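Note sheet for the following structure.
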Amino acid sequence: FIPTELIFISLFNYELKPVTECAFPINKNGKKNICWFWLTDSSYYIKLGETKLFELSSEFMKKYDIKSCFDDYYYIRQLEDLFDILPVISNSMPEDLYEYIYNEKKYKNLTKCFDNWIDEQKVFSDKDEILYENICSFLSYGRLDTGYLNVKCCCCFYHVGDQIIIHYDFEDFDEENNPVWTAKSGRFTLTYKEFLDEIENLLNRFFCDMEKQISNAAAELKDEVFYDIFVQRDKNTKLGTAYLFEEHKERETFFYSILKSLKNNICKKINWDEIRENIRFITVNFEKA
């Protein structure tokens, strides 16, 4: 179908900052507010052969005096976004449906048909609601959320047959036409098994590194405030530095449970036949010149 390229070690890469260099909010008493989320502050990128996604161009770095060449953010955000789409892409997409989004032209055509269908609906029936949800989910299948970044970039993971096909488009320019990223647009393929191995490798590295990170935080930042003004995602946590270890364990358990469901192929299944019928309906009836 599409030849598998050689995969280099570590598809997903990050470098945690030392705890004293992490960006923490400051509370009204002038203390750093330390929490597990802020301790994931890092530089990160995705390596696809010789291409690095989320690597800034030298022109962009020089213009804005940026020190790190890789995206600088809290890595847990990308990890959460990645794991949001993993249960979805555990469903292998039929090749005939992949043809509808195989390239930008086809993707835009399907999107336009969908928009045309929406424009003609005055009242949504139950059947219309199902079609709407199906097409929305299909168009967003495997799309990694990058909305928190201020520049254009797109990365999609498509599971087709026994392969993961990564589509990426990082062609963005500033007002002086300088490229923002070193990556342009293209595709990279690896087997689904290789992809799951990379996910497991990522979790093993990340949670090992974060265990050291929170231990360092508890020792080096003990005079700061822990979990004071951060919006608590997890309730009934312990007070002080103890909560760091508690939240760490909870997050570790959560992510590994998803990995287990992926390996055992027990994620929610997608009704491809229904989606196929919906796509055919809108492309036949709402493809306008």
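Assorted remarks:
- Within the listed set Q121, Q78, Q163, the Gaussian network model of the chain (springs between alpha-carbon atoms below 10 Å) gives the highest mean-square fluctuation for Q121.
- Per-residue extension of 0.36 nm, minus the Cα-Cα distance of I66 and V151, leaves a gain of 29.1 nm for this segment.
- Rotationally averaged projected area of the chain (alpha carbon convex hull; nm²): 19.1 nm²
- Theoretical gain in end-to-end length, D209 to T253 [0.36 nm per residue, Cα-Cα removed]: 14.3 nm
- Between the Cα long axis of helix 192-220 and the first principal axis of the chain there is an angle of about 20°, rounded to the nearest 10.
- Amide H to amide H distances under 5 Å link F70 with L56, where only residues 5 or more positions off or on other chains count and H is placed in the peptide plane.
- In this simple spin-label approximation, Y132 and K105 carry label points 7 Å from Cα along the Cα→Cβ vector, and these lie 3.2 nm apart.
- Rounded to 10°, Cα long-axis angle of helix 272-285 versus longest principal axis of the chain: 60 degrees
- Nearest 10 degrees, 0 to 90: helix 126-140 Cα axis against the chain principal axis: 60 degrees
- GNM top mover of S92, S42, S125 - the chain, alpha-carbon springs below 10 Å: S125
- Trypsin sites (Lys or Arg not before Pro) within the range 71-180, DSSP loop, no more than 14 other Cβ atoms inside 10 Å: K122, K152
- Separation of the A23 and N201 label points, Cα + 7 Å toward Cβ, nm: 2.9 nm
- Extension gain, S140-T191: 0.36 nm per intervening residue step, less the Cα-Cα distance, totals 16.2 nm.
- Note that the chain presents 53 Å² accessible area per residue, ligands and nucleic acids not counted, probe 1.4 Å.
- Applying the criteria of a DSSP loop state and at most 10 other Cβ atoms within 10 Å to the GluC sites (Glu not before Pro) of the range 144-200 yields E175, E176.
- Counting only protein heavy atoms and a probe of 1.4 Å, the accessible surface of the chain is 51% carbon and sulfur.
The values are calculated or read from the model by the stated rules, or taken from the named source; none is laboratory data. This structure is a prediction, so every number in the text was calculated from the model and none was measured. Neighbour counts run over all protein chains shown; Cβ positions are idealised from the backbone, glycine included. Remember, those area values only see protein heavy atoms, side chains included, never the ligands or the DNA or RNA. Shrake-Rupley method; radii C 1.70, N 1.55, O 1.52, S 1.80 Å.
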